[in-house]
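**Q** Questions regarding the structure given below will be posed in turn.
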Amino acid sequence: MLERFPVTLHLGIVAFIIGAVLGILSGLVAAVRRGKWIDKIITPLTYIGITIPVFWLGILLIYAFGLKLHWLPISGYTSPMEDFWLSTKQLIMPVICMAVFPLAANARQMRSAMLEVIRQDYIRTAWSKGLGERRVIFFHSLKNSLIPVITLMGVGVGMIFGGSVLVETVFAIPGVGRLMVSSILGQDYIVVQGITLTIAAIVLVVNLMVDISYGWFDPRIRYG
């Protein structure tokens, strides 16, 4: 497990950051430009991202970019300390598969939260003061609309570890997900229990950090 966890954490952290950053930005743009052409593109893509099976997407990526175009390696993992360029190429397809669901979910949640916030009275007051669009969006709307997105991101940590089981199996990556599959097939239940306990502990810690962060995002929330 000590050998496999860094691999899964590497994939998971990169996918988590990409899903969070691009998801928030996409949802923000879709909400601010509601009904415009960019919103009509982003919203259907989020539905596709939420519903597409991860293993099927991985097979399509392998077929297109690995077997046909020969742009990316189709399997394996190399530490970035050994060969950064090869490691980056090997990460592209697995990270896409792991990031597509959190990206789409964060974008949808961000769009809904932002649309709710920009209807509030204090936002209309900010507009009436003559503040610019960028200042109203980033300094008045964004922070208050992030709370439901942050909650979803905390839940998404468990989904990323769950998705690693399929992604690491499809791309033959020697991570915790693949170790769990081989342990189940080999009836090595001690390893399965150890992995489950460790992932559960990580999810608990992340959700605790999410709950604590609410007070920073919204000062009206206080913990007694």
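**Q** Do the conditions hold for I150, that is, is it of a type in the set (V, I, T) and more than 30 Å from P73 (Cα to Cα)?
**A** Criteria met by I150.
**Q** I would also like to ask the following. Can you report the number of residues in the range 160-182 which are surrounded by 19 or more Cβ atoms within 10 Å (Cβ to Cβ) and not in a loop (DSSP other than H, G, I, E, B)?
**A** Residues that pass the stated criteria total 14.
**Q** Another question, if that's okay. Could you please find all residues in the range 128-143 being exposed (fewer than 14 other Cβ atoms within 10 Å of the Cβ) and either more than 26 Å from the chain's Cα centre (by Cα) or on the phi > 0 side of the Ramachandran plot (or both)?
**A** Once the filter is applied, which keeps residues that are exposed (fewer than 14 other Cβ atoms within 10 Å of the Cβ) and either more than 26 Å from the chain's Cα centre (by Cα) or on the phi > 0 side of the Ramachandran plot (or both), the range 128-143 yields S128, K129, G130, G132, E133, R135.
**Q** To continue, here is another question. Go over the candidates V167, V117 one by one and state the one that is under 29 Å from N207 (Cα atoms) and at pLDDT below 85.
**A** V117
**Q** Please go through the range 1-33 and pick out each residue that is exposed (fewer than 15 other Cβ atoms within 10 Å of the Cβ) and more than 15 Å from the chain's Cα centre (by Cα).
**A** M1, L2, E3, P6, R33, listed by residue number.
**Q** Let me ask something else. Being under 15 Å from the mean Cα position of the chain (by Cα), within 22 Å of S145 (Cα to Cα), part of a helix (DSSP H, G or I) and of a type outside the set (A, V, I, L, M, F, W, C), is that true of even one residue in the range 75-96?
**A** There is no residue in the range 75-96 that is under 15 Å from the mean Cα position of the chain (by Cα), within 22 Å of S145 (Cα to Cα), part of a helix (DSSP H, G or I) and of a type outside the set (A, V, I, L, M, F, W, C).
**Q** Of the residues that sit in the range 111-124 and are in a helix (DSSP H, G or I) and within 25 Å of L22 (Cα to Cα), which one is nearest to the chain's Cα centre (by Cα)?
**A** Ranking the qualifying residues of the range 111-124, first place goes to R111.
**Q** What do you reckon, is I59 without any contact (Cβ under 8 Å) to a residue 40 or more places away in the chain and either in a helix (DSSP H, G or I) or surrounded by 13 or more Cβ atoms within 10 Å (Cβ to Cβ) (or both)?
**A** Criteria not met by I59.
**Q** Return the total of residues in the range 125-138 being closer than 14 Å to V32 by Cα, of a type outside the set (V, I, T) and part of a helix (DSSP H, G or I).
**A** Result for the range 125-138: 5.
**Q** Does any residue of the range 214-221 turn out to be among the aromatic types (F, W, Y), surrounded by 12 or more Cβ atoms within 10 Å (Cβ to Cβ) and assigned to a helix (DSSP H, G or I)?
**A** yes
**Q** Another question, if that's okay. When residues of the range 34-56 are filtered for being exposed (fewer than 14 other Cβ atoms within 10 Å of the Cβ), within 30 Å of E133 (Cα to Cα) and among the hydroxyl-bearing types (S, T, Y), how many remain?
**A** Number of matching residues: 1.
**Q** Within the range 62-74, count every residue that is surrounded by 16 or more Cβ atoms within 10 Å (Cβ to Cβ) and part of a helix (DSSP H, G or I).
**A** Residues flagged as surrounded by 16 or more Cβ atoms within 10 Å (Cβ to Cβ) and part of a helix (DSSP H, G or I) within the range 62-74 amount to 3.
The values are calculated or read from the model by the stated rules, or taken from the named source; none is laboratory data. None of these values were measured; they are calculated from a predicted model. A quick note on method: Cβ atoms are made from the backbone with ideal geometry, for glycine too, and the neighbour counts reach across all protein chains shown.
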